[in-house]
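Let me begin by presenting the structure, written as structure tokens, before commenting on it.
The values are calculated or read from the model by the stated rules, or taken from the named source; none is laboratory data. Because the structure is predicted, anything quoted here is derived from the model rather than measured. Here Cβ is always computed from backbone atoms with ideal geometry, including for glycine, and neighbour counts include all displayed protein chains. Each accessible area value is taken on the protein alone, full model and side chains, heavy atoms only, with ligands, DNA and RNA left out. Shrake-Rupley method; radii C 1.70, N 1.55, O 1.52, S 1.80 Å.
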Amino acid sequence: MAAETLFGKIWDSHRIRTLDDGRDLIFVDRHLLQETTSAAAFDGLAHDGRPVAQPGLTFATQDHIVSTEPVRSLASNPGGRELIDLMGRNARSHGITMFGLDDPRQGIVHVIGPELGLVLPGTIVACGDSHTSTAGGLGALGIGVGTSEVEHVLATQTLVLPRPKTLRMRFDGRPGNGVTAKDLVLHALGRFGIAVGTGHAIEYTGDVIRALPLEARLTICNMSIEFGGRLGLIAPDDATAAYVRGRPFAPTGRLWDEAKAYWRTLRTDDEAVFDRELSLDVSTAAPQITWGTTQQDVIGIDEAIPDPTTIADLASRRRIQAAIDYMGLTEGRPIEGLPVDVVFIGSCTNARLSDLEAAAAIARGRHVAPGVRALVVPGSSAVKREAEAKGLDRIFSEAGFEWRSAGCSMCVSINEDIVPAGARCVATSNRNFENRQGPRSRTHLASPAMAVAAALAGAIADVRRLA
Amino acid sequence: MKRPPFENVSGPAAPLPLANINTDAIIPAPYLRSPSADLGAGLFARLRYDDAGREMPDFVLNRAPFRSARILLAGRNFGCGSSREAAAWALVRFGIRCVFSPAFADIFYENAFRNGLLAAQMSQEGIDHAVACAQTAQDHAHFTVDLAGRTLSCPDGQQIAFDVPAFRAEALLRGDDDIAVTLQYADDIAAFRASDALARPWIHDFGHPA
Ligand code: SF4
């Protein structure tokens, strides 16, 4: 048999047939729904009188629009009420399991998928949300789709897609002090850019990746879409199986043994050929922070804002100047020391328990600078409970952070959690686009530890001075 | 849902030749809060309106003849960012039928075709020429898209080639219902499930814990 990539093995095992136009009809093992991208899909089904093909393989949550008030109810979020109600009604009428606002399993869809054992190695997971790629941290293919494709999966439990090309991204070297998974992926974005992955499935490899704990692998794969990638994944290993074991929807007994034996086959063959290969040595990378309005606008904390006049290409020069203007920066100045107004620790990138532990380790016994609003928003209700059991909520509260309920919050600012116009925010989320966190908001992406360092200093700061 | 078949488009082409126009820029999040939001009004809202909600006169879609643009000329990596299909809906509601770019982001590309919106790939030189035409042609900015012939005719008479995979062009011209097309393979799907349930029982046969 020809040597095959991990991606190819999983894709092929889900291929029902290849269509005349060359696209593949693939089976979807788990379909996850969130409230903002599914309402119109259910309308479409109703319009055509179509049932949900596999309600048992379909799961819903409410995350994007929900209030994250520490004590919340439907009344805390009048603007989101309609979509929250619709998700509940649609799930009930089609027999879909839903983790709603009051359910202990509620949380950001990409956090609860792995957490509940819905995402398993070797599966194909579809969700109407681009960061479905997070599932790749467990060795699954997480495919983010639009609402029409949500409707398609609901009606058929399949997707019709062109087979992505393959890209291997290798991380070598020894990450330095203060360099986390978030820093690794931001560093790679700075090096390779936000379009390098377009049309590709990315496999992350190398000793640096192998050594990452599971939640850190989820962080890396989460940001695959930031490279423009269709999905990203990391080969499952013993640590993956150990992570999955015992989770509520994970296989048990004989099925567990069979599944685990199969997962052992999930690796790229030595001779397999990728369409594209990239590698980078991370040994010299400092903790990273974005300065601009795309994720490739990133530098080490000890570096300076770029100077557009030194850039030859006219289009890049203009783009960089525009980003500097939008962000209210001065070219050539160090990024460290830039005053911040808001700090957001949350999102499907960096709001799992290990992220909050890393943040609390820096926050413990210290205090948020005057005038800074700092929020910690757990990625799921389970993460919130576990963090509270470990006393992290008290550490954060005593340090002056708001301890909130689980949801997407200031990552997308589609609820009440908004960065004021002109304010500067250090965020652990994944998008620093103009206006993303509110009109004229200015976002700097960083790791949870770096976000805490900024909150304590009241300015962008080097976490290595605090650790 | 069956769509109306795509017909060739004539009209003004709005130049927006920036790279990396993301879906947050195409349709900002507040327009996603309610299923009844006016997405056509929300298209490029942060670029189109000031904080008080007034039109910003410099933005291309606030200027004649581009207020009634049917075509958008964009830079590379158009539609990057989130999966929000509302980006495609907003373009369509505004009246845009075709977007030209040297390269599209993957999810936006799929979303566009599923809404009868032509996402056509054109060389950077082609885009540059069309943009120059649109900027100088003032209120007679008359472009025509011929999907079958894969050409964009500019007001100066030049015809620029563009690329669309044949199957996507045909599906647009027929107005295919993608779900109905897939359901033609219902037997294949059922057969796959039956054999997969034996090969990977833990996928299909798992209890829902209480
Ligand atoms: S946390 Fe942000 S990126 Fe993740 S699903 Fe929510 S809105 Fe999307």
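Given the -39500 (n - 2.57) contribution per DSSP H run of 4+ residues, what per-residue ellipticity at 222 nm results for chain A, rounded to the nearest 500 deg cm²/dmol?
Value at 222 nm, helices only: -9000 deg cm²/dmol.
Dipole size in debye (nearest 20) for the stretch A:288-465 around its Cα centre, Lys and Arg Cβ +1, Asp and Glu Cβ -1?
Roughly 200 debye for the stretch A:288-465.
Within the stretch A:1-45, find all residues whose amide N lies under 17 Å from a label point positioned 7 Å from the Cα of A:D270 along Cα-to-beta-carbon.
A:1-6
Considering only DSSP beta bridges with both partners in the stretch A:1-148, what is the antiparallel share in %, to the nearest 5?
Of those bridges, close to 20 percent are antiparallel.
Are there any residues in the stretch A:78-113 with a reduction of at least 30 Å² in accessible surface when going from the isolated chain to the assembly of protein chains? Probe 1.4 Å, please list them by number.
With the partner chains in place, the stretch A:78-113 has these residues losing at least 30 Å²: A:G79, A:E82, A:L83.
Please give the charge dipole size of the stretch A:349-444, origin at the Cα centre, charges +1 on K and R Cβ atoms and -1 on D and E Cβ atoms. Round to the nearest 20 debye.
Result for the stretch A:349-444 is approximately 220 debye, rounded to the nearest 20.
Let me know the charge dipole size of chain B about its Cα centre in debye, to the nearest 20, where only the beta-carbon of Lys, Arg (+1) and Asp, Glu (-1) is charged.
With Lys and Arg at +1 and Asp and Glu at -1, about 380 debye.
If you count, for every residue in A:247-255, the Cβ atoms of partner chains within 10 Å of its Cβ, what is the mean?
Across the residues of A:247-255, the mean count of other-chain Cβ atoms within 10 Å is 4.
Farthest toward the dipole's positive end in the stretch B:1-138, which of B:N111, B:N62, B:G81, given Cβ charges of +1 (Lys, Arg) and -1 (Asp, Glu) about the Cα centre?
Among B:N111, B:N62, B:G81, the one farthest towards the positive end of the dipole of the stretch B:1-138 is B:N111.
Taking every DSSP beta bridge with both residues inside the stretch B:9-181, roughly what % is antiparallel (nearest 5)?
Once the DSSP bridges in the stretch B:9-181 are tallied, antiparallel ones form about 45 percent.
Convert 20 °C to kelvin, take the viscosity as 1.002 mPa s, use the Kirkwood radius over C-alpha pairs of chain A as Rh, and evaluate the Stokes-Einstein diffusion coefficient in µm²/s, rounded to a whole number.
96
In Å² (nearest 100), what accessible area is buried between B and A, both sides summed, heavy protein atoms only, 1.4 Å probe?
5300
May I have the convex hull volume per residue, in Å³, for the Cα set of the stretch A:189-337?
163
Looking at the P(r) of the stretch B:9-181, how many percent of alpha-carbon pairs lie beyond 24 Å?
When every Cα pair of the stretch B:9-181 is considered, 32 percent fall beyond 24 Å.
Quick check: at a probe of 1.4 Å, how many percent of the accessible area of the stretch A:367-454 sits on carbon and sulfur atoms?
50
Keeping every protein chain present and rolling a 1.4 Å probe, give me the accessible area per residue for the protein assembly as shown in Å².
35
Between the stretch B:134-189 and the stretch A:197-271, how far is it from one alpha carbon centroid to the other, in angstrom?
Answer, in whole Å: 38.
Whose amide H sits under 5 Å from the amide H of A:T268, counting only residues 5 or more places off or on another chain, with H placed in the peptide plane?
Here the answer is A:L6, since their amide H atoms fall under 5 Å of that of A:T268.
Could you derive backbone 3J(HN,Hα) for the stretch A:96-110 from the dihedral phi with the Karplus parameters 6.51, -1.76 and 1.60 (θ = phi - 60°), listing whole Hz in sequence and x where the residue is Gly or Pro?
With the stated coefficients, the stretch A:96-110 comes to 9, 5, 10, 9, x, 3, 8, 7, x, 8, 5, x, 4, 3, 7 Hz.
Could you sort the residues of the stretch B:17-47 by number and keep only those whose accessible area is reduced by 20 Å² or more in the all-protein-chain setting relative to the chain alone, 1.4 Å probe?
Going by heavy-atom accessible area, the residues of the stretch B:17-47 that drop by at least 20 Å² are B:N20, B:N22, B:D24, B:A29, B:L32, B:R33, B:P35, B:R46.
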